[in-house]
Amino acid sequence: MTDENTTAAADAQPTNVTPPAQGGSADTGKGGNAAPAPKPGLQAGNAAADVGGAGAGASDAGAGPEVGELQTFREMLAGGDEKFLKQLERYKSKEAISKAVREAAQVAKNAGKGVSPLTDKSTPDEIKAYREAVGIPDDPAAYPVSFRQDFEASEFDTEALSSFKEHMHGKHADPKTAAAAIDWFQDFAVAQRQELDGNMAKTAKATQAALRTEWGGEYDGNISAAAQIMTTHLGEEGFENMMGLRLMDGSRLQDKPEFVKMMAQIGSDYYGGNSIITGDVETTSKTVQARIDELLQLRVSDPKKYKSDEVQEKITKLYAQRTKLKARK
């Protein structure tokens, strides 16, 4: 076979290769662009559609006017950013792109917030996830909130803390927020206690000074009378509890002059004078009898005065006092 026959035979063979566009070469591509050859068995008009459906990042060129419009939209959003354009090519419609943008905006809005806050419409699963995320235990008693070791908690404070835990637990409160609230309460309680104690000391000192001035030498006896009558009827513990009652201004019941004077008078009347409280029963008895005898002499020296209401009231009290004194001997 000659070279000419070989060349002629080659020229006679059919080919699927599309000729290069005019003005350029298929090998170099200079002066023009070569059209891609369709895959064997595919029509040239459907090649772009098949390629476009093969992957999310493939070009939409040649797939119809809608796809071309979508690609233009992508390019407009990308603004020349090739990486961003590649990301946009994952979405197959404008609606998909719009949805992705909205979701990204929501993510950015919640960035740094951690778990989403609860609302009245939160589901049980959302509540459970939130409580686990912020460290809220299932049992209110296990709530990580407590008093400081140096805080002198009263029985009321302890009960209040338990109620506080239950309330904050029911409100799904962040343990850190609850702990901050307890810190404030302790600081406030300590400051208030110090202020009330200062008022108590001030009031007690003023009351003692006023009663000493008014009673003079009878001060100790009157105080003893008040204490004795209350202890007799309330017991030692009851007496201490009542006298130690704190009032709104921080003072105690025993710091109120009106109350102390009332109890001193009741005790003095009940025991026949405050001298009996201090142990001088005999002297008091003689004094009471001497005063009775003195008033009885008025029956002869001044009958009219003796019958007066003033003298009769004195005698009645002295007789009652003498009876009580006799019972104490």
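Distance between the 7 Å Cα→Cβ label points at Lys99 and Phe151: 5.1 nm. Computed across the stretch 119-242, the Kirkwood hydrodynamic radius from all distinct Cα-Cα pairs reaches 19.0 Å. When peptides 301-308, 139-146 are ranked by their average number of other Cβ atoms within 10 Å per residue, the highest-first order is 139-146, 301-308.
Could you calculate the FRET efficiency of Thr323 with Leu247 from 1/(1 + (r/R0)^6), where r is the beta carbon distance between them and R0 is 56 Å, rounded to 0.05?
Numbers: r = 37 Å, r/R0 = 0.66.
Efficiency at R0 = 56 Å is approximately 0.90.
A dipole drawn for the stretch 112-203 from +1 and -1 charges on Cβ atoms has a positive end, and of Tyr130, Ala180, Gln149 the residue lying farthest that way is Tyr130.
A crude spin-label estimate for the pair Asp293 and Glu159, with each label 7 Å from Cα along the Cβ direction, gives 6.0 nm. Taking the average, over residues, of other Cβ atoms within 10 Å as the packing measure, peptides 228-237, 75-84 rank 228-237, 75-84 from highest down. Projecting label points 7 angstrom from Cα along Cα→Cβ for Trp184 and Thr213 puts them 4.4 nm apart.
Throughout, read-outs are computed from the coordinates displayed, never taken from laboratory work. Here the structure is a predicted model, which means the values were calculated and not measured. All Cβ positions, even for glycine, are placed from backbone atoms using ideal geometry, and neighbour counts span all protein chains on display.
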